[in-house]
Amino acid sequence: MSDYLFMLENHLSVAQNRVVAEVQAVATEGNVSLFLAGGAMRDMLGGFQVRDLDFAVEGNATRMAKTLAVRSGARIVSTDEARRAVELVFPGGVTAQIALARQEKYARAGAKPQVTPGTIQEDLRCRDFTVNAIALALNRAARGLLIDPMNGLADLNRHELRALQSTSLYDDPRRLLRLLRLKIRLGYTVEERTQSQYLAAREAQMERFVSRRALCEELKQIAEEPNPGEVVRVLQEEGLLALFSSALAAGKLNLAGLAKLERARRLLPPDAGYLDLNWAPFFLALTEKLSPKERAALLQATEMRKTEVSPWKNLPPRTKKLENTVKAARLKKPSQVYGVLSKAAGNEILYLLYQSTMRLVHDRIKNYLQKYLALAQEITDAEVQAAGATPGTPRFAKLKEEMIVARVDGRTKKPPPPPEPPPPLPGARRGRPPRSLTM
Ligand code: ATP
């Protein structure tokens, strides 16, 4: 196994490794060359947690995504026809993008690129920053080979963001926003010539050419950042927030609210598997001080779609309903609190923590997140099976629920820890088998 494959396997979660194996199997079957690229490679090599798996294929990405949807139960969340890229969410919450390896040509600054299929080398040369332009071959012939035409590895080691071309930020001015966001997230510096290019592009007001949809996509990506408040603050400082909303830029930015939301989010365990957690609470906190008219202007400036609007429109009434249930006096036992909150969506819990003023509500949510959830996770399927139920049957689900209730209410004890191994015999060596006595 190559060092990079070994590194990858160790760096990814169990669920992500499973997805890599499934995508590889489908690529092999379809005789398509597959690469892991972009942010996934940057994060693995830079020692960051891998958030999404970015695959590039020299072949039909859409067909592969459809096969994966059938085969692995992955859900296709969006398809970008122009870039021939598909976003997928796999069971267990692993997110992945499968994109055609392509060449992009810009007729003029800020124009829509002309996209044609390309090799992985050509694809990497069209990306934004060198640290995002590294790929790992996952196809049978070259499995484990690192492809790094722009020497991104050196920039990762230097902790520097370097644009691939002298016109990168002009060709696609959304990269101005991506540069600031990545700089904040990774804590990297911007390489000198890239910084000069940024200043020149700003002088030429290239940000005017960021499309409305690109602004919306960027806003959604900011919501997923570990520190969205800081990203928004820097956009404000750099004079870029007005692209989204002149009211936000003119002093209606709710930075204190965003900081409060970030504190609330830290209470949610990262492995709880909450989907669609961030977008709606982020948007509501960000725009809290805007009038309905100012909010409408923001929707127009970003061409926000119905599917992007309804999550935050529906969240306040859903959260109110949840608050009423959580504060109810009838919830006497921990298992009853567990029963209510385990059925709630992550964004409801997060937004409730953000805006409820009731101490009781906060205490119950914190107990759920910090104690009951962990206790419930201790009940494994193997334990339920050992108690006499067959997996997949209604009895199995019922018994598991009963066992969870008992554990959360403290009516059953944790299983005892495995017995300690016996102490080593006096004189025995550590780590090596004892030598044969006849030697
Ligand atoms: P994240 O961790 O936020 O997902 P990411 O770098 O993976 O970070 P994506 O928006 O998912 O961000 O993009 C995946 C990859 O696609 C990037 O790493 C980069 O190589 C490439 N890419 C994305 N947007 C652009 C762009 N505007 N211009 C050139 N390349 C881009």
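One residue stands out among those in region 113-143 that are small (Gly, Ala, Ser) and modelled with pLDDT under 95: the one that is farthest from Gly38 (Cα to Cα), which is Ala141. Out of the residues in region 42-89 that are among the β-branched types (Val, Ile, Thr) and under 15 Å from the mean Cα position of the chain (by Cα), which is most open to solvent (accessible area, probe 1.4 Å)? Among them, the one singled out is Val77.
One line per residue, one yes/no per condition, for (1) in contact with a helix residue (DSSP H, G or I) (Cβ under 7 Å, 6 or more places away or on another chain); (2) open to solvent by 50 Å² or more (accessible area, probe 1.4 Å); (3) within 23 Å of Asn254 (Cα to Cα); (4) charged (D, E, K, R):
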residue	(1), (2), (3), (4)
Gly187	no, yes, no, no
Leu199	no, yes, no, no
Arg208	no, yes, no, yes
Ser211	no, yes, no, no
Glu217	no, yes, yes, yes
Ile222	yes, no, yes, no
Glu225	yes, no, yes, yes
Val231	yes, no, yes, no
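Scanning region 360-414 for residues that are in contact (Cβ under 8 Å) with a residue 12 or more places away in the chain and among the β-branched types (Val, Ile, Thr), which turns out nearest to Pro334 (Cα to Cα)? Checking each candidate, the answer is Val408. With respect to the conditions (1) touching a strand residue (DSSP E or B) at 6+ places or on another chain (Cβ under 9 Å); (2) more than 26 Å from Leu45 (Cβ to Cβ); (3) not hydroxyl-bearing (Ser, Thr, Tyr), Leu138 falls short on a single one, namely (2). Can you give me the number of residues within region 77-105 that are more than 10 Å from the ligand (Cβ to nearest atom), in a loop (DSSP other than H, G, I, E, B) and touching a strand residue (DSSP E or B) at 6+ places or on another chain (Cβ under 8 Å)? The number of residues fulfilling the criteria is 5. Within region 147-162, count every residue that is aliphatic (A, V, I, L, M) and open to solvent by 40 Å² or more (accessible area, probe 1.4 Å). Result for region 147-162: 2. For region 100-116, a residue qualifies if it is open to solvent by less than 50 Å² (accessible area, probe 1.4 Å) and of a type in the set (A, V, I, L, M), and the qualifying residues are Leu100, Ala101, Ala109, Ala111, Val115. Can we say Pro269 is under 24 Å from the mean Cα position of the chain (by Cα) and modelled with pLDDT under 95? Yes: the conditions hold for Pro269. Checking the condition at negative phi and either in contact (Cβ under 8 Å) with a residue 24 or more places away in the chain or of a type in the set (D, E, K, R) (or both), which residue from Ser168, Ser196 passes? One residue alone meets the criteria, Ser168. Look at region 60-76 and say how many of its residues are outside any strand (DSSP E or B) and either on the phi > 0 side of the Ramachandran plot or in contact with a strand residue (DSSP E or B) (Cβ under 7 Å, 6 or more places away or on another chain) (or both). Matching residues across region 60-76 total 8. For Asn314, the criteria (1) part of a helix (DSSP H, G or I); (2) touching a residue at least 40 places away in the same chain (Cβ under 8 Å); (3) within 23 Å of Leu248 (Cα to Cα) hold in every case but one, which is (2). Pairs are defined by a Cβ separation below 8 Å, a sequence spacing of at least 6 or placement on different chains, a first member in region 38-62 that is in contact (Cβ under 8 Å) with a residue 60 or more places away in the chain, and a second member that is more than 8 Å from the ligand (Cβ to nearest atom) and among the hydroxyl-bearing types (Ser, Thr, Tyr); the pairs so defined are Arg51/Thr95; Glu58/Ser33; Glu58/Thr119. Restricting attention to region 290-311, the residues being within 23 Å of Asp276 (Cα to Cα), charged (D, E, K, R), open to solvent by less than 100 Å² (accessible area, probe 1.4 Å) and in a helix (DSSP H, G or I) number 2. Whenever a residue of region 172-187 is farther than 13 Å from Ser211 by Cβ, its partners that are open to solvent by 50 Å² or more (accessible area, probe 1.4 Å) and near the ligand (Cβ under 8 Å from one of its atoms), lying with C-beta atoms within less than 8 angstrom and at least six residues away or across chains, give the pairs Arg181/Gln221.
The values are calculated or read from the model by the stated rules, or taken from the named source; none is laboratory data. Note that the structure is predicted; figures quoted are calculated from it, not measured. In this analysis, Cβ positions are derived from the backbone assuming ideal geometry, glycine residues included, and neighbour counts consider all displayed protein chains. Protein only, heavy atoms only, side chains kept; ligands, DNA and RNA dropped before computing areas. Shrake-Rupley method; radii C 1.70, N 1.55, O 1.52, S 1.80 Å.
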